[in-house]
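In what follows, a single structure is set out as structure tokens and then discussed.
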Amino acid sequence: MKHGVVLFHTTSAALRAEKLTVRAGLDVKLVPTPRELSSDCGIALRFAWGEAARVANVLAAGAVEHEVHPMPEQG
Amino acid sequence: MIYLDHAATSWPKPPGVAAAMADFLATAGGNPGRSGHRLSIAAGRIVYDVREALAEWFGVADPMRVLFAANGTHALNVAIQGLLRPGQRVVTGGMEHNSVMRPLRHLQQQGVRVDVVPAAADGSLAPADFAVALHRGADLVVVNHASNVTGTIADVAAIARPAHAAGALLLVDAAQTAGVLPIDLRALGVDLLAFTGHKGLLGPPGTGGLVLADGFDRTRLEPLMRGGTGSGSEHEYQPADLPDRHESGTPNGVGIAGLGAGLAWLRERGLGAVREHELQLCRRLREGLAAIPGVRLFGPLEAESCVAVVSFVLEGRSVGEVGHRLDEQHSVLCRVGLHCAPAAHRSIGTFPAGTVRLAPGPFVTMAQIDTVVAAVAEIASS
Ligand SMILES: Cc1ncc(COP(=O)(O)O)c(C=O)c1O
């Protein structure tokens, strides 16, 4: 399955995002930020790419600053 | 043993506090926000959950506006030193703790103008006096929400109005009121609130924080310390994001876990029930002490105007002797002297000798209060 990953500026934001998305019924997982993607924060939120719009909506509603990327291919 | 020193630090803590701290060490020992592995994330989740619980407790929508600090003093310094610049003016009240007065006096030497609105002999502050002092404008107003010497509660909402009308921010020292009185930053008109975790919130020592109101312009606060945050590691400059901007260094995850458990206990028991219990204890204590010849009580007469702090002196005895005899002969533990608040003792006329301070907490019983009153009566008559 194709995954996406959300990047954050702070760990607190990543943890808040996890809580909000889980509460919204989304299937997400905190993962180490892929090295291919430059990020401010060591953890990122992985999600099923098909849910990208819902993830973005939930995070916008929760006022969490974030960036959405497709998950880089595992090399 | 009867512990009447809750105003210094609460003891005992609810049993869940030690359990949460042991659990943190056993199961979540990673460094929150530094690494991507499961122990780091587990630690981060606990810290975040407590941050969120505190935001809700203090009426702030954005949990990132809860900034953890080592204690109330640290939080006050983050605010005071982060906001004030030479040439600016700060107005404060006559019941402040040295955790406010010492940073302010230091900044005064650097060119900050410091004005103190006098308190009445019962520790109360008149909002009208603040309005007068604020006529000339000010950048910051700092006020102690409740005195650690007399327990007197300040009318923060009434001080917020003239402060904001003068263009000043309002910083409240909630060391004695967090976990004791309901506090909603929005309802009170508070811009920044410094709290300590180890008193009314029933957490362990080494916890506290600064809460920024949702409407506070966060760019006005310069960090007190700079360093590693686990975020923005490619940059050698301090990040702008909250809470990281003001939280450099590994946080006290163990303590924060304990603080979360203290807060959870308070929510379950209900703040109103705890307050009602402490009011009953203080009424009984004040009545009992007032009936003892030679006792002089300080603070307002009505318990409702105070947090659970009762200060007194005994004619013809030093406060040191009274405190020592309460401890040695009656196993009553309290604090005597100036309570780190010389300004407050000057205001109520007890500087430099100070007072004997009895400060009951949620686990003190009525029977213990009767024992304490009998002990003071015995010391007074012997
Ligand atoms: C009114 C007041 N302000 C500030 C403080 C400082 O808090 P902390 O001991 O957590 O630094 C205290 C208590 O010590 C206090 O009673």
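The values are calculated or read from the model by the stated rules, or taken from the named source; none is laboratory data. None of these values were measured; they are calculated from a predicted model. Methodologically, a virtual Cβ is constructed for each residue, glycine included, from the backbone with ideal geometry; neighbour enumeration extends over all protein chains shown. The protein model used for the area step is the full one, side chains on, heavy atoms only, and it has no ligands, DNA or RNA in it. Shrake-Rupley method; radii C 1.70, N 1.55, O 1.52, S 1.80 Å.
Couple of notes before you dig in:
- Count of residues meeting criterion [under 16 Å from B:Lys199 (Cα atoms) and of a type in the set (D, E, K, R)] in segment B:270-289: 2
- Test result for B:Thr9, open to solvent by 50 Å² or more (accessible area, probe 1.4 Å), of a type in the set (S, T, N, Q), within 22 Å of the chain's Cα centre (by Cα) and within 16 Å of the ligand (Cβ to nearest atom): no
- Residue check for B:His135: away from every other protein chain (no Cβ under 14 Å) and within 11 Å of the ligand (Cβ to nearest atom): no
- On inspection, B:Glu234 passes the criterion of being within 14 Å of chain A (Cβ to nearest Cβ), free of Cβ contacts under 8 Å to residues at least 12 places away in the same chain and farther than 21 Å from B:Gly208 by Cβ.
- Scope segment A:37-46; condition touching a residue at least 40 places away in the same chain (Cβ under 8 Å) and open to solvent by less than 60 Å² (accessible area, probe 1.4 Å); matching residues: A:Leu45
- Screening B:Tyr48 against (1) in contact (Cβ under 8 Å) with a residue 40 or more places away in the chain; (2) open to solvent by less than 10 Å² (accessible area, probe 1.4 Å); (3) within 14 Å of chain A (Cβ to nearest Cβ) leaves a single unmet condition, (1).
- Residues being open to solvent by 40 Å² or more (accessible area, probe 1.4 Å) and within 11 Å of chain A (Cβ to nearest Cβ) - total across segment B:53-78: 2
- In segment B:9-59, the residues that are outside any loop (DSSP other than H, G, I, E, B), touching a Leu at 6+ places or on another chain (Cβ under 7 Å) and aromatic (Phe, Trp, Tyr): B:Tyr48, B:Trp57
- Within segment B:285-382, helices (runs of 4 or more DSSP H) holding 3 or more residues that are free of Cβ contacts under 8 Å to residues at least 12 places away in the same chain and not hydrophobic (A, V, I, L, M, F, W, C): B:319-330
- Whichever residue in segment A:1-36 is assigned to a loop (DSSP other than H, G, I, E, B) and open to solvent by 30 Å² or more (accessible area, probe 1.4 Å) and, among such residues, is nearest to the other protein chains (Cβ to nearest Cβ): A:His9
- Filter result for B:Asp214 (farther than 21 Å from B:Gly33 by Cα and within 13 Å of another protein chain (Cβ to nearest Cβ)): yes
- Residue under evaluation B:Val91, criteria (1) in a helix (DSSP H, G or I); (2) touching a strand residue (DSSP E or B) at 6+ places or on another chain (Cβ under 8 Å); (3) more than 16 Å from the ligand (Cβ to nearest atom), criterion not met: (1)
- Among the residues of segment B:308-317, not a single one is within 16 Å of the ligand (Cβ to nearest atom) and over 13 Å from B:Thr150 (Cβ atoms).
- Any hit, segment A:47-64, residues being out of contact with any helix residue (DSSP H, G or I) (no Cβ under 7 Å at 6 or more places or on another chain), assigned to a strand (DSSP E or B) and either surrounded by 21 or more Cβ atoms within 10 Å (Cβ to Cβ) or facing another protein chain (nearest Cβ under 10 Å) (or both): no
- Of all residues making up segment B:365-375, the number that are in contact with a strand residue (DSSP E or B) (Cβ under 7 Å, 6 or more places away or on another chain) and aliphatic (A, V, I, L, M): 2
- Condition met for B:Ile80 (away from the ligand (no atom under 16 Å from the Cβ), out of contact with any Cys (no Cβ under 8 Å at 6 or more places or on another chain), of a type in the set (A, V, I, L, M) and more than 22 Å from B:Gly260 (Cβ to Cβ)): no
- None of B:Pro14, B:Pro32 is at pLDDT below 95 and open to solvent by less than 20 Å² (accessible area, probe 1.4 Å) except B:Pro32.
- Residue satisfying condition, being crowded, with 20+ Cβ neighbours inside 10 Å, within 11 Å of the ligand (Cβ to nearest atom) and of a type in the set (S, T, N, Q), within set B:Ser124, B:Ser147: B:Ser147
Let's see how each residue does on (1) closer than 25 Å to A:Thr11 by Cα; (2) outside any loop (DSSP other than H, G, I, E, B); (3) touching a helix residue (DSSP H, G or I) at 6+ places or on another chain (Cβ under 9 Å):
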position: B:Val180; (1), (2), (3): no, no, yes
position: B:Gly200; (1), (2), (3): no, no, yes
position: B:Gly209; (1), (2), (3): yes, yes, yes
position: B:Asp214; (1), (2), (3): yes, no, yes
position: B:Pro223; (1), (2), (3): yes, no, yes
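- Of B:Leu171, B:Leu201, B:Leu140, B:Leu181, all but one fail to be away from the ligand (no atom under 16 Å from the Cβ), among the hydrophobic types (A, V, I, L, M, F, W, C) and either at pLDDT 95 or above or open to solvent by 10 Å² or more (accessible area, probe 1.4 Å) (or both); the exception is B:Leu140.
- Matching option when the condition is touching a residue at least 12 places away in the same chain (Cβ under 8 Å), more than 16 Å from B:His145 (Cα to Cα) and within 16 Å of the ligand (Cβ to nearest atom), among B:Ala61, B:Ala70, B:Ala55, B:Ala43: B:Ala70
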